[in-house]
Amino acid sequence: MADAKVILIMIDALGYETAWARCGYLGHLVEQNKGALYRVKGELPAQSRPMYETVLTGLTVREHGICSNEMVRPSKCENLFSIAKKNGKTTAAAAYMWIAELYNGITAYCSLTDRYQLGNAAGLIENGIFYCVDDYPDSHLYADGDYLRKAFHPDFLLIHPMNVDDQGHKHGQGSRAYEHAAEMSINIIDCYLDQWRQDGYDVVVTADHGMDELGYHFGDTRLQREVPLFIISDQIQPGNYGDHTVSQLNVAPLVCRLMGMEFSGGMVDPSKEIRW
Ligand SMILES: [Zn+2]
């Protein structure tokens, strides 16, 4: 198995159609056979906290038990942070406060005390910067993530921006504001991408769920469920596989495999749907 470092970018509420319509340099790399794009069918409910846990554990909601945004408790399941630590690898995250509540033992995030969690050897996320307002600028959030990369050289780094979700709730999928937020977020990735690759990172870009025209995500429509999965890595077959859907349960074991880690027993084998 290969032993890459991975940056996982989870753009909150970036639906598949918008991701491809605003694909920028990521789309260019797919078109040039330097990256892969998959169309992911997200799990239900198409809601943030349950899908954070699904993306990071590779489990369905029925299996991991985080069934609502209102369920505030730590994850009870093996996840990418815990698996990385068990494999002697280092972890970091620039992410929304709910990630700190799920994986770093924060029971009720406090903006006065919990934003910076650096050098936290006891936490699953050893170095974290966590925000609590949905309009925290994506430009600042990516810079937080890149700071963690340069300062701590984590083997696994989660970057989790929120502006697409925020504009989607205010204006709906297809609005100028939502599409603009998506383009801005992807454009920032484009600016960082080559230096991340030169620093030895495979880069995976996906979303927790999508967004419908009314500004909601909760249920079973394509706009709410279908999200992108861009994989920029020399370990996988490049190409555009967006003509059919693959399961969201692939994301966590995909990251495990890119990092050369055994994925946990409950996870699906990603090689059945992702081309290596
Ligand atoms: Zn949302």
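Each reported figure results from applying straightforward, stated rules to the coordinates on display, with no laboratory input. Keep in mind that this is a model prediction, so the values were computed, not measured. Here the Cβ is made from the backbone with ideal geometry for all residues, glycine too, and neighbour counts use every protein chain on show.
If you count, for each residue, the other Cβ atoms within 10 Å and average over each peptide, how do 179-192, 36-49 line up from highest to lowest?
Details: 179-192: 20.1, 36-49: 22.4.
Peptide ranking by packing, descending: 36-49, 179-192.
When D3, D212 are ordered from fewest to most other Cβ atoms inside 10 Å of their Cβ, what list results? Don't skip to the answer; put the middle values down first.
Numbers: D3 12, D212 20.
In increasing order of surrounding Cβ atoms, one gets D3, D212.
Given N residues in the chain, what is its alpha carbon radius of gyration divided by 2.2 N^0.38 Å? Intermediate results must be reported in sequence, preceding the final value.
On the way: Rg = 16.6 Å, N = 276, 2.2 N^0.38 = 18.6 Å.
The value comes to 0.89.
From the residues I83, V30, I232, which one has its Cα farthest along the dipole of segment 5-263 in the positive direction, the dipole being from +1 and -1 charges on Cβ of Lys/Arg and Asp/Glu about the Cα centre?
I83
Defining a contact as two alpha carbons under 8 Å apart and six or more residues distant in sequence, what relative contact order in percent does the chain show? If you can, show how the numbers build up before the last one.
On the way: 632 pairs, mean separation 101.5, N = 276.
It rounds to 37 percent for the chain.
Could you work out the percent of alpha carbon pairs in segment 21-76 separated by over 13 Å, rounded to a whole number?
Numbers: 975 of 1540 pairs.
Across segment 21-76, Cα pairs with separations above 13 Å total 63 percent.
So how strong a dipole does segment 35-162 carry about its Cα centre when Lys and Arg Cβ are +1 and Asp and Glu Cβ are -1, to the nearest 20 debye?
Details: 12 positive and 14 negative charges, 79 e Å.
So the dipole magnitude of segment 35-162 works out to roughly 380 debye.
Report the one residue of G128, Q47, M10 whose Cα lies farthest in the direction of the positive end of the charge dipole of the chain (charges on C-beta: Lys and Arg +1, Asp and Glu -1; origin at the Cα centre).
Highest projection toward the positive end goes to G128.
Just need the Rg to Rh number for segment 120-175, please, alpha carbons only, Kirkwood Rh. Intermediate values should be presented prior to the final figure.
Working: Rg = 13.7 Å, Rh = 12.7 Å.
Across segment 120-175, the Cα-based Rg/Rh ratio is 1.08.
Taking a point 7 angstrom from the Cα of H169 along the C-beta vector, which residues in segment 109-146 have backbone N less than 13 Å away?
What the label zone holds, given the 13 Å backbone N cut-off, is 132-136.
Divide by every residue of the chain the summed helix terms, -39500 (n - 2.57) for each DSSP H run of at least 4, and state the resulting mean residue ellipticity at 222 nm, rounded to the nearest 500 deg cm²/dmol. Kindly include the intermediate steps, with their values, before the conclusion.
On the way: 11 runs with 101 residues, N = 276.
One gets -10500 deg cm²/dmol as the mean residue ellipticity at 222 nm.
Take each of the peptides 155-168, 108-121, 75-88, average the number of other beta-carbon atoms within 10 Å over its residues, and list them starting from the highest.
On the way: 155-168: 25.9, 108-121: 12.2, 75-88: 19.1.
Going by the mean number of other Cβ atoms within 10 Å, highest first, we get 155-168, 75-88, 108-121.
State, to one decimal in nm, how far the label point of Y147 lies from the label point of N120, with both points 7 Å from Cα in the Cβ direction.
1.5
Going through the cross-link list K5/K170; K5/K272; K34/K85; K5/K34, which pairs have a Cα-Cα distance over 24 Å in this structure? Write down the numbers at each step before the final one.
Numbers: K5/K170 36 Å; K5/K272 22 Å; K34/K85 30 Å; K5/K34 18 Å.
Long pairs (Cα-Cα over 24 Å): K5/K170; K34/K85.
I want to check the label-to-label distance for R62 and W276. Put each point 7 Å from Cα in the C-beta direction and report it in nm to one decimal.
Placing both labels 7 Å beyond Cα along the Cβ direction yields 2.8 nm.
Once the Cα atoms of segment 200-239 are picked out, what are the Rg and Dmax in Å?
13.7, 41
Nothing charged except the Cβ atoms of Lys and Arg (+1) and of Asp and Glu (-1): what's the magnitude of the dipole of the chain about its Cα centre? Round to the nearest 20 debye.
Taking the Cα centre of the chain as origin, the dipole is about 520 debye.
From the square roots a ≥ b ≥ c of the eigenvalues of the alpha-carbon gyration tensor of segment 163-276, which class results: rounded (a/c under 1.5), prolate (a/b over b/c), or oblate? Intermediate values should be presented prior to the final figure.
On the way: a/c = 2.33, a/b = 1.42, b/c = 1.65.
Taking the square roots of the gyration eigenvalues as a ≥ b ≥ c, segment 163-276 is oblate.
If you average 1/r across every pair of different Cα atoms in segment 42-192 and take the reciprocal, what Kirkwood value do you get, in Å? Walk me through the numbers before you get to the answer.
On the way: mean 1/r = 0.0627 Å⁻¹.
For segment 42-192, inverting the mean 1/r across all distinct Cα pairs yields 15.9 Å.
Once a ≥ b ≥ c are taken as the square roots of the eigenvalues of the Cα gyration tensor of segment 108-241, is the result rounded (a/c under 1.5), prolate (a/b larger than b/c) or oblate (a/b not larger than b/c)? Don't skip to the end; give the middle numbers.
Working: a/c = 1.90, a/b = 1.21, b/c = 1.56.
In terms of gyration-tensor shape, oblate.
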